[in-house]
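The values are calculated or read from the model by the stated rules, or taken from the named source; none is laboratory data. Computed from a prediction, not measured in an experiment: that's the story for all the values here. With ideal geometry, Cβ positions are generated from the backbone for all residues, glycine too; neighbour counts draw on all protein chains shown.
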């Protein structure tokens with residue numbers, strides 16, 4: 001799935017009657033940055049896009065949902081997972097739309113050095129995940145841990161958190177959060 005992030009952000013912002021300045025004030029993201037994202041001059045990190053969308057508010061899943069399917073889908077081929085990540089972090093979501101769903105399930109891949117951003121994420125719900133390969137540094141609140149294959153995590157997503165691949169190889173994770181808020 002390919003989505004023009006800048007165009008989609010502008011459409012959603014305008015649908016909600018928000019100016020770039022008002023959105024910047026709500027999120028702490030500079031007005032100039034929002035303008036550059038909307039004009040496709042820069043691509044935001046996943047963390048920055050999440051902060052901007054929280055100010056609207058709209059989830060990442062809904063942001064990347066371009067209509068979904070009319071009929072409930074039960075089975076998903078690998079090429080039907082919806083990419084909601086960017087810039088070295090791949091979040092492939094099971095299901096195109098998560099409206100009226102209680103769970104979000106992701107297949108994540110972090111390229112070496114890739115991170116969810118400098119500013120920690122925080123949102124309603126709980127998250128858990130299992131590292132399949134590579135090494136992932138996870139910070140939750142004031143705790144920090146490096147996880148490897150077979151290691152797992154489970155935490156309250158309202159605690160500030162961020163992820164970073166500190167290894168030299170791709171890091172692969174399967175994760176879930178409830179409710180879908182990412």
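Of the strands (runs of 3 or more DSSP E) lying entirely inside the stretch 74-182, the ones with 3 or more residues being within 21 Å of residue 58 (Cα to Cα) and touching a strand residue (DSSP E or B) at 6+ places or on another chain (Cβ under 8 Å) are found at 89-93, 104-110, 171-178. Which residues, taken from the stretch 22-36, are closer than 18 Å to residue 59 by Cα and not in a helix (DSSP H, G or I)? Those that are closer than 18 Å to residue 59 by Cα and not in a helix (DSSP H, G or I): 28, 29. Scanning the stretch 39-57 for residues that are under 19 Å from the mean Cα position of the chain (by Cα), modelled with pLDDT of 85 or more and more than 23 Å from residue 90 (Cβ to Cβ) turns up 55, 56.
Taking the criterion of being surrounded by fewer than 14 Cβ atoms within 10 Å (Cβ to Cβ) and either under 20 Å from residue 92 (Cβ atoms) or within 14 Å of the chain's Cα centre (by Cα) (or both), the residues of the stretch 131-159 that qualify are 149, 152. Scanning the stretch 1-21 for residues that are touching a helix residue (DSSP H, G or I) at 6+ places or on another chain (Cβ under 9 Å) and in a helix (DSSP H, G or I) yields 5, 6, 7, 8, 9, 10, 12, 13, 20, 21. May I ask you to verify whether residue 13 is assigned by TED's automatic domain parsing to the domain that holds residue 120 and either free of Cβ contacts under 8 Å to residues at least 60 places away in the same chain or farther than 20 Å from residue 173 by Cα (or both)? When the stated conditions are applied, residue 13 does not pass them.
Among the residues of the stretch 39-50, which ones are out of contact with any strand residue (DSSP E or B) (no Cβ under 8 Å at 6 or more places or on another chain) and buried (at least 20 other Cβ atoms within 10 Å of the Cβ)?
Passing the criteria: only 48.
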